[in-house]
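No value in this document is a laboratory result; all are computed from the given coordinates. Since this is a predicted model, take the numbers as computed values, not measurements. As a convention, Cβ positions derive from the backbone with ideal geometry for all residues, glycine included, and neighbour counts pool all protein chains shown.
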Amino acid sequence: MESRFLLANAKWLDVALTFKAEIAEANKTNLPGTSSGSRGRPKKLFPQSSSKTKKRKVELLLNITPERLNFATEMTLRKGGRRDAARIVKEITESSP
């Protein structure tokens, strides 16, 4: 069956195809709204997610000690240039029982 198809369509199967540079380049780029060419439904940002989705996303954090979470919060604020907020988080977490 395959050989019959190849014989019947040999003429157009042997033609070399060339594409314009714009088309070839467009096929290399990612689709809008996707990261690294991933497919499927786009991910929502955390604040825009439903409470059920938020609970599922933070489930991993429940096993981390509060001290580690506090420190990570402080470091994230510092990295974002919010040194005053980082200092306040540090003061609050060190002063509370």
Proximal lysines relative to LYS20, as straight alpha-carbon distance under 27 Å, when same-chain residues fewer than 8 apart are discounted: LYS11, LYS28
Cross-link reach list, lysines versus LYS44, counting only Cα pairs under 24 Å and skipping chain neighbours closer than eight places: LYS52, LYS54, LYS55, LYS57, LYS79
Footprinting exposure proxy for VAL89, VAL15 (fewest neighbouring C-beta atoms within 10 Å first): VAL15, VAL89
